[in-house]
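Participant: One structure, as structure tokens, below. Some questions next.
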Amino acid sequence: MYTVRRNFQRFQRIADKIKRRYRRPPWDGPVTFNEFVQHVIDPAAQERPVNRHWRPFYQLCQPCRIHYDFIGHYETLKDDAAYVLRKLGLHDNVSFVNENPKRRRNSSNYISAYFSSVPPERIERLYQHFRVDFDLFGYRWPL
């Protein structure tokens, strides 16, 4: 419980900082996606060291230093999990939990909704910020 509370307080401080930097008073309400994008791409706004939750992933997983046998994608998680279980010889003993079809979500709809509030030039800067991730992990731009 302590960790959850501590993390919540930490992220609340970051949220307050974001709202004060990119919004006129009053500073109530949650951080918008557009404000969050501004924070991620604004080098002057970043705390040091940059929070690992919004750093480019290649800086965290170090693909040039660590030679991974497999890199899965969230979009193909079910198939990727089955592949890994087969390669490990565990497919007869372990299965990946199937998603609940009633709760199926279409990430394209979410992406469109969130990015509709972000100006195109800011989206381009966000892409440039994560460009190496796109290249290394096989994603194409635009989404």
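Participant: Mind listing whichever residues of region 95-128 are of a type in the set (Val, Ile, Thr) and either surrounded by fewer than 10 Cβ atoms within 10 Å (Cβ to Cβ) or at pLDDT 90 or above (or both)? Don't jump to the end; show me each part of the working.
Facilitator: Residues of region 95-128 that are of a type in the set (Val, Ile, Thr), as a first pass: 97, 111, 118, 123.
Within region 95-128, Val97, Val118, Ile123 qualify.
Participant: Here are some residues: Phe33, Phe70. Which one is in contact with a helix residue (DSSP H, G or I) (Cβ under 9 Å, 6 or more places away or on another chain), closer than 16 Å to Phe137 by Cβ and among the aromatic types (Phe, Trp, Tyr)? Working first, answer last.
Facilitator: Details: Phe33 fails: closer than 16 Å to Phe137 by Cβ.
Going through Phe33, Phe70 in turn, just one is in contact with a helix residue (DSSP H, G or I) (Cβ under 9 Å, 6 or more places away or on another chain), closer than 16 Å to Phe137 by Cβ and among the aromatic types (Phe, Trp, Tyr): Phe70.
Participant: Return the total of residues in region 114-134 being farther than 12 Å from Val40 by Cβ and under 16 Å from the mean Cα position of the chain (by Cα).
Facilitator: Residues flagged as farther than 12 Å from Val40 by Cβ and under 16 Å from the mean Cα position of the chain (by Cα) within region 114-134 amount to 6.
Participant: Evaluate region 44-58: report whether one residue or more is in a helix (DSSP H, G or I) and in contact with an Asp or Glu (Cβ under 9 Å, 6 or more places away or on another chain).
Facilitator: The initial filter retains those residues of region 44-58 that are in a helix (DSSP H, G or I), namely 52-54, 57-58.
Those still in the list that are in contact with an Asp or Glu (Cβ under 9 Å, 6 or more places away or on another chain) too: 57-58.
Yes, some residue in region 44-58 is in a helix (DSSP H, G or I) and in contact with an Asp or Glu (Cβ under 9 Å, 6 or more places away or on another chain).
Participant: Could you tell me which of the residues Pro43, Pro49 is exposed (fewer than 13 other Cβ atoms within 10 Å of the Cβ), at pLDDT below 85 and closer than 16 Å to Phe130 by Cβ?
Facilitator: On the way: Pro49 fails: closer than 16 Å to Phe130 by Cβ.
On inspection, the qualifying residue turns out to be Pro43.
Participant: Among the residues of region 61-88, which ones are of a type in the set (Phe, Trp, Tyr) and either loosely packed, with under 11 Cβ neighbours inside 10 Å or not in a helix (DSSP H, G or I) (or both)?
Facilitator: Going through region 61-88, the residues of a type in the set (Phe, Trp, Tyr) turn out to be 68, 70, 74, 83.
Passing the criteria: Tyr68, Phe70, Tyr74.
The values are calculated or read from the model by the stated rules, or taken from the named source; none is laboratory data. Every value quoted in this text rests on a predicted model; they were computed, and no experiment measured them. For neighbour counting, all protein chains shown are included, and Cβ atoms are generated from backbone atoms with ideal geometry for every residue, glycine included.
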